[in-house]
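Scroll down for the structure; my scribbles are underneath it.
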Number of protein chains: 2
Amino acid sequence: MNVLTIVKVGGQIVEEPEALGGLLKQFALIAGNKILVHGGGRSATEMAEKLGVVSEIVDGRRVTDAEMLKIVTMVYAGLVNKNIVASLQSMGVDAIGLTGADMNMMLSVRRPVGNVDYGFVGDVRTVNAQALIELLRSGYTPVLAPISHDGQGQLLNTNADTIAASVARVFAFDYRVRLVYCFEKSGVLLDENDDNSVISELNKETYLNYREEGIIKGGMVPKLDNAFLALSAGLEEVLITSASNMTNGRGTHIR
Amino acid sequence: MNVLTIVKVGGQIVEEPEALGGLLKQFALIAGNKILVHGGGRSATEMAEKLGVVSEIVDGRRVTDAEMLKIVTMVYAGLVNKNIVASLQSMGVDAIGLTGADMNMMLSVRRPVGNVDYGFVGDVRTVNAQALIELLRSGYTPVLAPISHDGQGQLLNTNADTIAASVARVFAFDYRVRLVYCFEKSGVLLDENDDNSVISELNKETYLNYREEGIIKGGMVPKLDNAFLALSAGLEEVLITSASNMTNGRGTHIR
């Protein structure tokens, strides 16, 4: 069975050229089929500030109005995605940057308005596995930006962790899939201020216990929910780690 | 022999959602293989103004410094390219947006510093015809943004008219290529203020005469130079026209 490594990179790493360069070098070393999924870090927020676009935050999540959608499309699909692709090309990786609109790669449904209207935010419904497989077979490395579309001409801001998990799920049947969430810390930490307190292994039960005790909280919760969602589709494992540990297997293994 | 239609769209059309929508509807109607190449109009200039980025103009051409390169990458490869792709998808065209870095599609050399240093501007050296042919054969419609790369990790701002001509040239041997330059006017005009004064046919000789007489001037000169350059590679014809005339054959035919 073919091996496929899906690396999701987000947080501060994406914002710092040097850190990003280091991560891409590690990524380039991964043998076999691979896909990179990136977020945009705070770069879109910074751009919004520069442009004087004020975006509302509700329950810790940003509302994507029309102006904010323009900004995330520019920053994620343009600036971040294309610089990653150009860097990978210089390292001998034949990368191709894609949003969900390109090749109809990720079809989303705009999040329904409940208590909160998050604006132009999409939840992925379909990943075009066939198109991704054709690209991989032809030797290309897809680089996915966190922008999808609704098939009616509307781009939608989409969570990169969820994209990575959704892509992993559709490959789980045909490939031995390894999903790696890379960020600035060495893994899921017992003490968020101590990078040496990495929890080396998590299963659903231990995760729920840590969550109940308040040890695992904040942004780590949706990330781990995505990890377990992907795992349930039959993945080999999910690894949460830092860029420098991407290939040495250190970090938090989700099984 | 397979027919390939390459449409380059630029100028005001790209800036106005309604005009662009109309053009894309016309483009979607074109049967067979097709490629869309777009510029960015004044949208990058407007974004630069909003961000307080001052860019130098030398001999009527913009200098692309590091800040301006960021802006054109955001606007051309992100905002403009991805909205075009999403619109085409909604019209049943399986579009894929690409810069020169994606699939190593367009490899450029940074323009040498002569009397003027134009900054991060690239002149296309190689078009990856094989990758484009594979995409066309698989039923995709490439949408090319005017950004290329140097293979060393550097993105470069690149003229969209030249990209269209370069792409046309590499296909001229294997396809019957029709190159259409679409802009806000109905063709090359005898009187730039009279949209009814379209010159219906131009060859090299009549072009040079009009140029000498000062009738053809300004931005039309590099466009026509590109048209004749493409023609010399064995194209069927080059048509310069408006979006609404894209499929009815009206406009200036370059032969």
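The values are calculated or read from the model by the stated rules, or taken from the named source; none is laboratory data. In this text the structure is predicted, and so the values were computed from the model without any measurement. With ideal geometry, Cβ positions are generated from the backbone for all residues, glycine too; neighbour counts draw on all protein chains shown. Keep in mind that these areas ignore ligands, DNA and RNA; they rest on the heavy atoms of the full protein, side chains included. Shrake-Rupley method; radii C 1.70, N 1.55, O 1.52, S 1.80 Å.
In the Gaussian network model of chain A, springs joining C-alpha atoms below 10 Å, which of A:L88, A:L224, A:L135 carries the largest mean-square fluctuation?
For chain A, modelled as a Gaussian network with Cα springs under 10 Å, the answer is A:L135.
Might you report the magnitude of the Cβ-based charge dipole of the range A:59-218 about its Cα centre, with Lys and Arg at +1 and Asp and Glu at -1, to the nearest 20 debye?
500 debye
List every residue whose amide H lies under 5 Å from the amide H of A:V37, counting only residues 5 or more places away in sequence or on a different chain, with H placed 1.01 Å from N in the peptide plane.
Here the answer is A:V7, A:K8, A:V9, A:L144, since their amide H atoms fall under 5 Å of that of A:V37.
What whole-number distance in Å separates the alpha-carbon centres of the range B:180-197 and the range A:138-154?
37 Å
Total accessible area buried between chains A and B, 1.4 Å probe, in Å² to the nearest 100? All intermediate terms of the calculation are to be shown ahead of the outcome.
On the way: alone 12060 and 12060 Å², together 21380 Å².
Interface area, both chains combined: 2700 Å², rounded to the nearest 100.
Average projected area of the Cα convex hull of the range B:29-86, in nm²?
5.3 nm²
If amide hydrogens are placed 1.01 Å from N in the peptide plane, which non-local residues have theirs closer than 5 Å to the one on A:L202?
Result for A:L202 returns A:H253, A:I254, A:R255.
Could you go through the range A:204-214 in sequence order and give the Karplus-derived ³J(HN,Hα) for each residue, using 6.51 cos²θ - 1.76 cosθ + 1.60 with θ = phi - 60°, rounded to whole Hz, and x for Gly and Pro?
4, 5, 5, 4, 5, 4, 4, 5, 5, 6, x
Using θ = phi - 60° and the Karplus curve 6.51 cos²θ - 1.76 cosθ + 1.60, what whole-Hz ³J(HN,Hα) does each residue of the range B:100-109 get, with Gly and Pro shown as x?
x, 6, 5, 6, 6, 5, 9, 9, 10, 10
Tell me the relative contact order for chain A as a rounded percent, counting alpha carbon contacts under 8 Å between residues six or more apart. Present the calculation step by step, with values, prior to reporting the outcome.
Working: 518 pairs, mean separation 55.8, N = 255.
That works out to 22 percent.
Just the C-alpha atoms of the range B:3-254: what Rg/Rh do they give, with Rh taken as the Kirkwood radius? The partial results should precede the final answer.
Working: Rg = 17.3 Å, Rh = 18.4 Å.
Rg/Rh for the range B:3-254 comes to 0.94.
Among A:P112, A:A86, A:G219, whose Cα projects farthest towards the positive end of the dipole of chain A, with charges put on the beta-carbon of Lys, Arg (+1) and Asp, Glu (-1)?
Highest projection toward the positive end goes to A:A86.
For the range B:184-246, compute Rg over Rh where Rg is the Cα radius of gyration and Rh is the Kirkwood radius from the inverse mean 1/r over Cα pairs.
0.94
Heavy atoms of the protein only, probe of 1.4 Å, neighbouring chains included. What is the accessible area of A:R42 in Å², nearest 10?
Probe radius 1.4 Å; accessible area of A:R42 about 130 Å².
What order do A:D59, A:D225 take when sorted by accessible area (1.4 Å probe), most exposed first?
Details: A:D59 130, A:D225 65 Å².
Greatest to least solvent exposure: A:D59, A:D225.
Where does chain B land at 222 nm, in deg cm²/dmol rounded to the nearest 500, when only DSSP H runs of n ≥ 4 count, each adding -39500 (n - 2.57), divided by all residues?
Computed mean residue ellipticity for chain B: -9500 deg cm²/dmol.
Going from the alpha-carbon gyration tensor of the protein assembly as shown, what semi-axes, largest first and in whole Å, does one get by taking the root of 5 times each eigenvalue?
The equivalent ellipsoid of the protein assembly as shown has semi-axes of 44, 22, 21 Å.
Explain nothing, just compute: Karplus ³J(HN,Hα) = 6.51 cos²θ - 1.76 cosθ + 1.60, θ = phi - 60°, for every residue of the range B:26-39 in order, whole Hz, x for Gly and Pro.
4, 4, 4, 6, 5, 7, x, 5, 8, 9, 10, 10, 10, x
Tally the DSSP beta bridges in chain B and give the antiparallel ones as a percent, rounded to 5.
30 percent
Anything over 22 Å Cα to Cα? Flag those among A:K82/B:K185; A:K34/A:K223; A:K185/A:K223; A:K34/A:K82, in the order listed.
With Cα atoms farther than 22 Å apart: A:K82/B:K185.
Give the Rg (one decimal place) followed by the Dmax (whole number) of the range A:1-116, computed from C-alpha coordinates and expressed in Å.
Rg, Dmax (Cα atoms, Å): 16.0, 51.
Round to a whole number: what % of the accessible area of the range B:163-222 belongs to carbon and sulfur, probe 1.4 Å?
Numbers: 1410 of 3200 Å².
The nonpolar share, carbon plus sulfur, comes to 44 percent.
Work out the length of the dipole vector of the range B:161-246 about its Cα centre, built from +1 on the beta-carbon of each Lys and Arg and -1 on the beta-carbon of each Asp and Glu, and round it to the nearest 20 debye.
Charge dipole of the range B:161-246: 340 debye, to the nearest 20.
Using a 1.4 Å probe and ignoring any ligands, DNA or RNA, find the accessible area of A:D117 and quote it in Å² to the nearest 10.
70 Å²
State in Å² the accessible area per residue of the range B:3-254; use a 1.4 Å probe, count heavy atoms of protein chains only, and round to the nearest integer.
On the way: 10330 Å² over 252 residues.
Per-residue value: 41 Å².
Solvent-accessible area of A:M47, probe 1.4 Å, all protein chains present, reported in Å² to the nearest ten, please.
20 Å²
Report, by chain and number, residues whose modeled amide H sits under 5 Å from the one on B:R176, excluding near sequence neighbours (fewer than 5 apart, same chain).
B:N2, B:V3, B:L4
What does the charge dipole of the protein assembly as shown about its Cα centre add up to, to the nearest 20 debye, if the Cβ of each Lys and Arg holds +1 and the Cβ of each Asp and Glu holds -1? Provide the component values of the computation, followed by the final result.
Values: 46 positive and 58 negative charges, 230 e Å.
That gives a dipole near 1100 debye.
Using alpha carbon centroids, what distance separates the range A:41-75 and the range A:213-247, in Å?
The range A:41-75 and the range A:213-247 have Cα centres separated by 26 Å.
Which residues of the range B:46-87 bury at least 40 Å² of accessible area once all protein chains are present, versus their chain alone (1.4 Å probe)?
Residues passing the criterion (a loss of at least 40 Å², heavy atoms only) are B:L51, B:M74, B:L79, B:K82, B:A86.
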